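All remarks here apply to the structure that follows.
The values are calculated or read from the model by the stated rules, or taken from the named source; none is laboratory data. Source: prediction; values computed, not measured. So basically every Cβ, Gly included, is an ideal-geometry build from the backbone, and we count neighbours across all protein chains shown. Ligands, DNA and RNA are stripped out before the accessible areas are found, and what is left, the full protein with its side chains, is counted by its heavy atoms. Shrake-Rupley method; radii C 1.70, N 1.55, O 1.52, S 1.80 Å.
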Amino acid sequence: MTVQTSVEMPLPRVANVLSIAGSDPSGGAGIQADLKVFSALGVYGMAALTALTAQNTQGVAAVELLAPAFVARQVETVFADIRVDAVKIGMLANADIVGAVAAVLAGHGEVPVILDPVMVAKGGAALLDDKAVGALVGQLLPRVRLITPNLPEAAALLRVPEAVDHTGMEAQARALLALGARAVLLKGGHLPGDQSPDLLVTPTLTLWLEGKRIATANTHGTGCSLSSAIAAELAKAMDHEAKDSGTDDALAKAVTVAKAWLAGAVRSAGQLTVGSGHGPVHHFYQAWPK
């Protein structure tokens, strides 16, 4: 008699991603948006808070910063117990928090870090002070896999006027590489016209990601969401293709997938009715009923 036994195949391992960022109680940006992105893209999300904000779709009313040592303690405690496949960094607010985060990540150089240099909220409130800009460039920029500034943020980091065309974008992206960045995704959403191009550059790669501007006011948290999506895609590469995750090809693939996902989230934002200002994108447009 032949006895058949079923062999239970192991489930694919889910990647873990840590966000280090501020809180947005309206849910459209910051830690809340990051955790939504991680869930939408199939990775396990974790969060270390840097700041509490009082904000909604119309703007930021107040900010309370956490102590730098406590920010670092949150990150250290996660790493002490949990495998971290990628890190996304958002709002850091001041030089002391920048230094604390840079110091704790120095011992985890194998983990890809995506830095979204959150400097100004959609409503215009400053979220990174002048002293912190120097700390960001000097202490954190050389440690990250990718930095994802928009045009005003790139200009502030370089202390130059904002780029107004493709030529200016490429020059500023390469200037950020010269400051120590390993890779730059310069977002061109502030350019005039109906196009919204992004530019990915590394020392050996130049990749334009063209895209038509989507006519909507619901763009709250787009920067947070894009950088988190890139971190999620790189974490998947770390988990399943570890030997290739640090290559330009892996980075280009992660950025391309993340940008396409975000475009869908922006196009679907009208399905939500959140606030009367800059509404959030629809992070779960692929999963929720239309």
- Query: In a GNM of the chain with a 10 Å cut-off on Cα contacts, which of S196, S225, S19 has the highest mean-square fluctuation?
  - Reply: S196
- Task: Considering only protein heavy atoms, with the full assembly of protein chains and a 1.4 angstrom probe, order K36, K253 by accessible area, largest first.
- Result: K253, K36
- Out of residues 5 or more away from G188 or on other chains, whose amide H comes under 5 Å of its own, with H placed 1.01 Å from N in the peptide plane? D198, L199
- Task: Report the calculated FRET efficiency for A260 and A80 (r = Cβ-Cβ distance, R0 = 51 Å), to the nearest 0.05.
- Result: 0.90
- Note on the structure: In order over region 249-264: 3J(HN,Hα) from phi, Karplus 6.51/-1.76/1.60, θ = phi - 60°, whole Hz, x for each Gly or Pro, gives 4, 5, 5, 4, 5, 4, 5, 5, 5, 5, 5, 5, 4, 5, 4, x
- Task: Could you tell me which of rounded, prolate or oblate describes region 35-118, using a ≥ b ≥ c as the square roots of the eigenvalues of the alpha-carbon gyration tensor, with rounded for a/c under 1.5 and, failing that, prolate when a/b is larger than b/c and oblate otherwise?
- Result: oblate
- Message: Quick check: the angle from helix 30-40's long axis to the longest principal axis of the chain, C-alpha only, nearest 10 degrees?
- Response: 30
- Expected max-MSF residue from L207, L11, L146 in the GNM of the chain (alpha carbon, under 10 Å) is L11
- List, in order, the whole-Hz ³J(HN,Hα) value for each residue of region 267-275 obtained from phi through the Karplus relation with A = 6.51, B = -1.76, C = 1.60 and θ = phi - 60°; use x for Gly and Pro. 4, 8, 4, x, 6, 9, 10, 10, x
- Would you mind finding the longest exposed-site-free stretch of the chain, with exposed GluC sites (Glu not before Pro) meaning DSSP loop and at most 15 other Cβ atoms within 10 Å? 9-109
- Note on the structure: Under 5 Å from the placed amide H of H220, counting only residues 5+ away or on other chains, we find G279, V281
- Query: Can you tell me the Rg and the Dmax, both Å, for the Cα atoms in the chain?
  - Reply: 18.9, 81
- Task: Starting from the Cα gyration tensor of region 189-228, take the square roots of the eigenvalues, sort them a ≥ b ≥ c, and report rounded, prolate or oblate (rounded when a/c is under 1.5, otherwise prolate if a/b is larger than b/c, else oblate).
- Result: oblate
- The whole-number value in µm²/s of the Stokes-Einstein translational diffusion coefficient for region 132-200, with Rh from the Kirkwood sum over alpha carbon pairs at 20 °C and 1.002 mPa s, is 180
- In what order, largest first, do L205, L226, L65 sit by accessible area if the probe radius is 1.4 Å? L65, L205, L226
- How large are Rg and Dmax for region 214-290 when only the alpha carbon atoms are used, in Å? 14.3, 47
- Name the residue, out of G193, G246, G28, whose mean-square fluctuation peaks in a Gaussian network model built on the chain with Cα pairs under 10 Å. G193
- Here the FRET efficiency for H108 versus Q271, based on Cβ atoms and R0 = 30 Å and rounded to 0.05, is 0.20
- With label points set 7 Å from each Cα along the Cα-to-Cβ direction at D165 and K131, the distance between them in nm comes to 4.1
- Item | Cα-projected label distance for H190 with R13, points at 7 Å along beta-carbon direction, nm | 4.1
- The long-range amide H neighbours of Y44, using H built 1.01 Å from N in the peptide plane and a cut-off of under 5 Å, are A15, N16, V17
- Just for the chain, what percent of DSSP beta bridges are antiparallel, to the closest 5? 45
- Message: Quick one: 3J(HN,Hα) in Hz for region 154-170, Karplus 6.51/-1.76/1.60 with θ = phi - 60°, rounded, Gly and Pro as x.
- Response: 4, 4, 5, 5, 8, 6, 9, x, 5, 5, 10, 7, 4, 4, x, 4, 5
